[in-house]
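The values are calculated or read from the model by the stated rules, or taken from the named source; none is laboratory data. Because the structure is a prediction, the values reported are computed rather than measured. Neighbour counts run over all protein chains shown; Cβ positions are idealised from the backbone, glycine included.
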Amino acid sequence: MDEYSLQMHEVCMTLFKLMWANLGVDPEKLCSIYQDGTQGIRMNYYPPCQQADKVIGQTSHSDAIGLTLLVQVNDVQGLQIKKTNTWVPIKPIPGEIIINIGDIMESNGEYRSIEHRAVVDFHKERLPITAFHGTNFTAKVGPVADLVKEIGEQ
Ligand SMILES: O=C(O)CCC(=O)C(=O)O
Ligand SMILES: [Fe+2]
């Protein structure tokens with residue numbers, strides 16, 4: 001479990017740096033807010049339900065962190081994201097990690113914190129493992145100064 005947490009953190013830091021570089025921000029400037037950052041690992045279990053069309057596994061929300069890395073133990077579909085007011089199912093691919101952008105990484109429309117939910121299956125159980133990555137407790141979170149523009153500025 002320790003090794004899993006560590007590896008997930010490493011993947012996450014690599015993604016943060018690539019995402020910041022893509023925005024034109026020096027990754028080294030922001031790295032410190034995730035130094036000894038919070039990490040929560042949640043193992044969800046959604047049992048099959050004969051009334052799957054009448055219940056919800058997890059209601060609509062966005063994750064209040066930087067990035068969420070989600071790995072599924074089996075290939076049952078359940079995660080959905082909201083795109084132009086429509087719920088779009090996310091098909092799990094064995095061995096791949098689903099990355100959810102959280103509220104802290106929302107940035108000038110370039111990256112959007114995604115609204116999502118989980119539905120349940122009529123016949124099969126579903127087991128996703130989610131790793132949430134947030135800043136450390138001393139970090140000040142707010143708009144990145146380098147990205148703040150005047151109205152009309154390109
Ligand atoms: O079960 C899922 O696929 C989604 C889990 C989730 O969104 C969460 O735990 O925040
Ligand atoms: Fe979530």
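Exactly one residue among Phe137, Phe122 is assigned to a loop (DSSP other than H, G, I, E, B) and modelled with pLDDT under 95, and that residue is Phe137.
Can you find a residue in segment 7-27 that is of a type outside the set (Asp, Glu) and closer than 14 Å to Ala118 by Cβ? No, there is no match, as no residue in segment 7-27 is of a type outside the set (Asp, Glu) and closer than 14 Å to Ala118 by Cβ. All of (1) more than 10 Å from ligand 1 (Cβ to nearest atom); (2) modelled with pLDDT under 95 hold for Leu67 with one exception: (2). Scanning segment 92-120 for residues that are more than 13 Å from the chain's Cα centre (by Cα) and away from ligand 1 (no atom under 12 Å from the Cβ) yields Ile93, Pro94, Gly95, Glu96, Ser107, Asn108, Gly109, Glu110.
It is to be established whether one or more residues within segment 47-57 are outside any strand (DSSP E or B) and touching a strand residue (DSSP E or B) at 6+ places or on another chain (Cβ under 6 Å). Checked against the condition, which is being outside any strand (DSSP E or B) and touching a strand residue (DSSP E or B) at 6+ places or on another chain (Cβ under 6 Å), segment 47-57 yields at least one hit. If you go through segment 80-113 and keep only what is more than 25 Å from Phe137 (Cβ to Cβ), within 14 Å of ligand 2 (Cβ to nearest atom) and of a type in the set (Val, Ile, Thr), you end up with Ile81, Ile90, Ile98.
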